[in-house]
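Quick notes on the structure that follows.
The values are calculated or read from the model by the stated rules, or taken from the named source; none is laboratory data. All figures in this text were calculated on a predicted structure; none of them were measured in a lab. Heads up, the Cβs are rebuilt from the backbone with ideal geometry, glycines too, and the neighbour counts pull from every protein chain shown. Remember, those area values only see protein heavy atoms, side chains included, never the ligands or the DNA or RNA. Shrake-Rupley method; radii C 1.70, N 1.55, O 1.52, S 1.80 Å.
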Amino acid sequence: MQHMQSIAVISDVHANLLALDAVLKDISERKIERIVNLGDVLFGPLDPVGTAKRLMELDHVVNIMGNCDEILLRSNVNSLTYQFVHPLLSKEILDWIFTFKKTWFFENLLFCHGTPVSNERYLLEETTTAGVTYKSVEHLDEELVEVQSDYILCGHSHVSKTVFVPKTRKAIVNVGSVGLPAYDDEQPTPHCMESLSPYAKYVILKKNNNNNHWLIEHIQVPYDWDRASDMAQQNARNDYAYAIKTGRVQER
């Protein structure tokens, strides 16, 4: 039997330690030692300090800087979530966030939070006044023409999906969110992102050593999302509580 090289790719934990622990347990049981974390780790009204400590304990994780990680490095932001999280963070945790990479390359893989050039933009989706739509393969071809990697792993939108771009023969993999399966945002235009299930999501990549192709496996891990939802509720965040429990955005 030939050796398969394996990488677990996680993203968008958003301080949901219960979801993270369930995913890390699943990764450990599969004996996958290399983890790439695509960012947005602590920005959530649950357990940012516990989440940071859990990941800081691991010496086999590559961390990518998400847009919400960058927000936490600012001195003051007008955001309910920032106001909850930032006062809890020690200098050690902030110094750890500073070490996050913009992107990371491994063999023919490129890892980023949003797109290869921005952690604030969606790679697969675009937002319009009519809502969220998926970019055409022609649009993706043009956007990624200068990217040499065969595989691009991203997060940011929290919706897991794999798209193959035939012209440049690239696979774009959104790994989904570990800890926040839905949210709404006002930027760049008001929109909602919904995964439609409460499972903690991540991706496993497996490569046979004799070729350049990677097996892509989207994983959805059950965990106690009712308890996680209650934690958000206790911190007066009904929006997070509903999203965590349902994978949907609550109607206002």
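Can you tell me which residue among TYR240, TYR199, TYR183 is out of contact with any Pro (no Cβ under 7 Å at 6 or more places or on another chain) and of a type in the set (Phe, Trp, Tyr)?
Numbers: TYR240 fails: out of contact with any Pro (no Cβ under 7 Å at 6 or more places or on another chain); TYR199 fails: out of contact with any Pro (no Cβ under 7 Å at 6 or more places or on another chain).
Selected residue: TYR183, the only one of TYR240, TYR199, TYR183 that is out of contact with any Pro (no Cβ under 7 Å at 6 or more places or on another chain) and of a type in the set (Phe, Trp, Tyr).
Output the number of residues of segment 113-172 satisfying the condition of being aliphatic (A, V, I, L, M) and either open to solvent by 30 Å² or more (accessible area, probe 1.4 Å) or assigned to a loop (DSSP other than H, G, I, E, B) (or both). Can you show your working first?
Pass one, segment 113-172, residues aliphatic (A, V, I, L, M): 117, 123-124, 130, 132, 137, 140, 144-145, 147, 152-153, 159, 163, 165, 171-172.
Filter once more, keeping what is either open to solvent by 30 Å² or more (accessible area, probe 1.4 Å) or assigned to a loop (DSSP other than H, G, I, E, B) (or both): 117, 123-124, 130, 132, 137, 144-145, 147, 159.
Residues flagged as aliphatic (A, V, I, L, M) and either open to solvent by 30 Å² or more (accessible area, probe 1.4 Å) or assigned to a loop (DSSP other than H, G, I, E, B) (or both) within segment 113-172 amount to 10.
If LEU153 meets every condition in (1) in contact (Cβ under 8 Å) with a residue 24 or more places away in the chain; (2) farther than 16 Å from GLU120 by Cα apart from one, which number is that one?
Here LEU153 meets the rest and fails (2).
Looking at the structure I just gave you, is PHE98 over 21 Å from HIS158 (Cβ atoms), of a type in the set (Phe, Trp, Tyr) and open to solvent by 50 Å² or more (accessible area, probe 1.4 Å)?
Details: over 21 Å from HIS158 (Cβ atoms): yes; of a type in the set (Phe, Trp, Tyr): yes; open to solvent by 50 Å² or more (accessible area, probe 1.4 Å): yes.
The answer is yes for PHE98.
What's the number of the condition GLU29 fails, among (1) out of contact with any Cys (no Cβ under 8 Å at 6 or more places or on another chain); (2) among the acidic types (Asp, Glu); (3) open to solvent by less than 70 Å² (accessible area, probe 1.4 Å)?
(3)
Kindly list the number of the only condition in (1) open to solvent by 10 Å² or more (accessible area, probe 1.4 Å); (2) charged (D, E, K, R); (3) in a strand (DSSP E or B) that fails for ASP239.
All conditions pass for ASP239, except number (3).
What's the number of the only condition in (1) within 23 Å of ILE32 (Cα to Cα); (2) over 14 Å from the mean Cα position of the chain (by Cα); (3) among the small types (Gly, Ala, Ser) that GLY155 fails to meet?
(2)
Got a number for residues in segment 173-189 being open to solvent by less than 10 Å² (accessible area, probe 1.4 Å) and part of a strand (DSSP E or B)?
Of the residues in that region, 3 qualify.
Picking from GLN250, GLN220, GLN233, which residue would you name as being in a helix (DSSP H, G or I) and either in contact with a Cys (Cβ under 7 Å, 6 or more places away or on another chain) or polar (S, T, N, Q) (or both)? Show your work before the answer.
Numbers: GLN250 fails: in a helix (DSSP H, G or I); GLN220 fails: in a helix (DSSP H, G or I).
On inspection, the qualifying residue turns out to be GLN233.
Here is a list: VAL137, VAL165, VAL159. Which entry is over 15 Å from ASN67 (Cα atoms) and modelled with pLDDT of 95 or more?
Working: VAL137 fails: modelled with pLDDT of 95 or more; VAL165 fails: modelled with pLDDT of 95 or more.
Every option except VAL159 fails the conditions.
In this structure, does ASP230 turn out to be at pLDDT 95 or above and over 19 Å from the mean Cα position of the chain (by Cα)?
Working: at pLDDT 95 or above: yes; over 19 Å from the mean Cα position of the chain (by Cα): yes.
In short, yes.
For the list (1) within 17 Å of ILE27 (Cβ to Cβ); (2) out of contact with any Leu (no Cβ under 8 Å at 6 or more places or on another chain), I need the number of the one condition that LYS206 fails.
Going through (1) within 17 Å of ILE27 (Cβ to Cβ); (2) out of contact with any Leu (no Cβ under 8 Å at 6 or more places or on another chain) one by one, LYS206 breaks only (2).
Can you spot a residue in segment 66-82 that is modelled with pLDDT of 95 or more, of a type in the set (S, T, N, Q) and buried (at least 22 other Cβ atoms within 10 Å of the Cβ)?
Yes, because at least one residue in segment 66-82 is modelled with pLDDT of 95 or more, of a type in the set (S, T, N, Q) and buried (at least 22 other Cβ atoms within 10 Å of the Cβ).
Residues in segment 46-65: is at least one over 23 Å from ARG237 (Cα atoms), modelled with pLDDT of 95 or more and open to solvent by less than 10 Å² (accessible area, probe 1.4 Å)?
Yes: one or more hits.
Any chance segment 199-209 includes a residue that's at pLDDT 90 or above and open to solvent by 30 Å² or more (accessible area, probe 1.4 Å)?
The answer is yes; a qualifying residue exists.
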